[in-house]
1. Taking the Cα centre of the stretch A:205-248 as the origin, how large is its charge dipole in debye, to the nearest 20, when only Lys and Arg (+1) and Asp and Glu (-1) carry charge on their Cβ atoms?
2. Provide the net charge surrounding B:Asp100, with neighbours chosen by a C-beta distance below 11 Å and charges set as Lys +1, Arg +1, Asp -1, Glu -1.
3. Residue by residue through the stretch A:93-104, what is 3J(HN,Hα) from phi via Karplus (6.51 cos²θ - 1.76 cosθ + 1.60, θ = phi - 60°)? Round to whole Hz and write x for glycine and proline.
4. Between A:Thr160 and residues 5 or more places away or on another chain, which pairs have amide H atoms under 5 Å apart, with H built 1.01 Å from N, and which residues are they?
5. Based on the alpha carbon coordinates of chain B, what radius of gyration and maximum Cα-Cα distance (Dmax) apply, in Å?
6. What is the gain in length, in nm to one decimal, between B:Glu202 and B:Asn224 on full extension, counting 0.36 nm per residue of separation less the C-alpha to C-alpha distance?
7. Looking at this model, which pairs from B:Lys37/B:Lys108; A:Lys259/B:Lys267; A:Lys108/A:Lys132; B:Lys108/B:Lys228; A:Lys35/B:Lys35 are more than 25 angstrom apart at the alpha-carbon?
8. Across peptide B:93-101, how many C-beta atoms of other chains are within 10 Å of each residue C-beta, on average?
Protein chains: 2
Amino acid sequence: MANMNIRDIAKLCGVGVSTVSRVLNDHPDVNEETKQKVLRVMREHNYVPNNSARNLKRIKSRTIGVVVKGITNPFFSPMIKVIEGELTRRGYAMFLSQADDYEDEIRKAAELQMERRLEGIIFLGGIFHYEKERLSLLEVPFVFATIQVSSDMEGNAYSTISIDDTYEAARATRYLLELGHRRIGVLAGAFEEQSINRLRLEGYLQALGEYGIHYDERLHKNCNFTYKGGYEAAGSLLRETDVTAIFAISDVMAIGAMKAALEMGKKIPEEVAILGFDGLDITAYTHPGISTVRQPSEQMALEAVTTVLDIIEQKSGHRHSVYPCQIIERGSTHPARQGEGPERGKP
Amino acid sequence: MANMNIRDIAKLCGVGVSTVSRVLNDHPDVNEETKQKVLRVMREHNYVPNNSARNLKRIKSRTIGVVVKGITNPFFSPMIKVIEGELTRRGYAMFLSQADDYEDEIRKAAELQMERRLEGIIFLGGIFHYEKERLSLLEVPFVFATIQVSSDMEGNAYSTISIDDTYEAARATRYLLELGHRRIGVLAGAFEEQSINRLRLEGYLQALGEYGIHYDERLHKNCNFTYKGGYEAAGSLLRETDVTAIFAISDVMAIGAMKAALEMGKKIPEEVAILGFDGLDITAYTHPGISTVRQPSEQMALEAVTTVLDIIEQKSGHRHSVYPCQIIERGSTHPARQGEGPERGKP
């Protein structure tokens, strides 16, 4: 049902128009059950209230929603800390929410913006393509802070802060090729998945192509982004193929992969080199240390806050920032880097 | 005097605005004499409270504050996920806030309860003793979810969900003693610190005492709860003393300690055994796996939600729940546990 108005919502809920109005304006004098029912019906029908009328009554909440896809991912924890610190410094509060793998983070954010009267939204994690229809559920400025999102929505309707996943993954793979590796296994999700996964896989393929190496599907293991996923996938790669290097597109998987290789008695990096991605602190504290592609995640978190507040405070429009990464070379790919200690292992 | 406001009443009574507010809201925590005085002054001046402002405070926000001391601690991430999931399932929202090391988490929570109209508060991390004066800033039910807090406040004024840190640390140390170790180093903070740190150190001392071993300060290294802290402290222990085992009172430090030992070419566990504490997933994916004392953290997170909501919904009063831990034996302390894989390493 398109273009619903407040009368339609009231009718569907079996309440009066003034009740719906009170819910919209977060008025205290509404029965909680009724309020939840009205909010639910609005969500179900993608009802978008008439902004001009609403804004008149709307008080600024000075709250920014942070919607995290995968809150247990250690990559996000330092970012959340930076985001909250910076928001507080600038007089805003953070409302943090997690979306599970199966959950729709845009819908979740759309609910929160109403219930929590958010002034802006920062997404951590997610996929790289959203339909315009979905994004238009969001009425406040929003920023994707780790993903190069593309959409059929105009680019000036949202901001992105990201790395160039394909470029960096190609550079990482090239680094292994330059070390002499030709049989390079890759740990990633399925190619079809619309996430950083696919962008990084494309980088891997691109670098192989430059060296005239064809994609060998046996060297590509699908796995989930967990220690266990990396452990099991690397185990089968090492048993079933002749890989001399493994490129894990996340450090968490690289840690699992190294465990598998060491347990099988493989010498690292002589018999198998391992390269991760993200730049988690823990990679400096495995033995040997894990070489990785470090994202400037804290800088990106700071930029996410600056961007969303600049837009809210009308200091600037939407922007798309791309940050360069750095390859950190450690003992997992380079024998000379072994035994250097975690700090010296960071160039 | 017409159009008096709450500030005028407070001034006339010689009390703070928050006291008048508590009287207006019939809050139990007001001295009866003060309450009668405030009511008398109101009557005398025909003071009519501003109802909309009053209702705003009274309306249920269905929001629980979660105040985390150390949000980058990987121990808390899965707990936060469980807490948000369970709150959502029960129709509540989570408002997450971090307190830095130097910040006063109680004051932070006290501010949030007002600004965010919290109905309850869950603390993750913190210290183990709070003055009654500090805790009385909190006007809504609160639960300490990882710490055995003690206070001069009555025990029925707050809830705790914890492990018995001293008992479990003693058991862990005893486990190393039973393996034959007599020179057991310990990585922890300073003894004076009022945190789990001190409780766990007491357990260490208790177990040594049972075996007639005196505390040797050279074997106790102060360090912060980071990979780097553990790495540096274990490095000096191994260079300067004859320890045959290291008990790190957090897994994060144990990971750093193992890195130091392996880099020095020590055989683990033959030349030095390493035991952690907490039960982080990552401990199963180092090589060798790190033996640890596993806290049932997800169960504790669930209990934190149940407790705070039971109190809010007046289904029960405050309670103090203590959960037992489990020693997970892996290759870092037991040779036979090496090469068993991360899953089989969990008994």
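1. The dipole magnitude comes to about 200 debye.
2. Values: positive: A:Lys81, B:Lys69, B:Lys108; negative: A:Glu84, B:Asp101, B:Glu103, B:Asp104, B:Glu105.
Local net charge: -2.
3. Whole-Hz 3J(HN,Hα) from phi for the stretch A:93-104: 10, 9, 10, 8, 9, 9, 10, 6, 3, 7, 8, 8.
4. Placed amide hydrogens put A:Phe144, A:Arg319, A:His320, A:Ser321 under 5 Å from A:Thr160.
5. Final numbers for Rg and Dmax: 24.6, 84 Å.
6. Numbers: separation 22, 0.36 × 22 = 7.92 nm, distance 1.78 nm.
So the chain would gain 6.1 nm between B:Glu202 and B:Asn224.
7. Violating the 25 Å limit, Cα to Cα: B:Lys37/B:Lys108; B:Lys108/B:Lys228; A:Lys35/B:Lys35.
8. Numbers: counts 5, 4, 7, 9, 6, 9, 0, 3, 0.
Across B:93-101, the average partner-chain Cβ count within 10 Å equals 5.
Every number here is computed from the coordinates shown, using simple stated rules; none is lab data. Predicted, not measured: the structure shown is a model, and the values here were computed from it. No Cβ is skipped: glycine too gets one built from the backbone with ideal geometry, and neighbour counts run over all protein chains shown.
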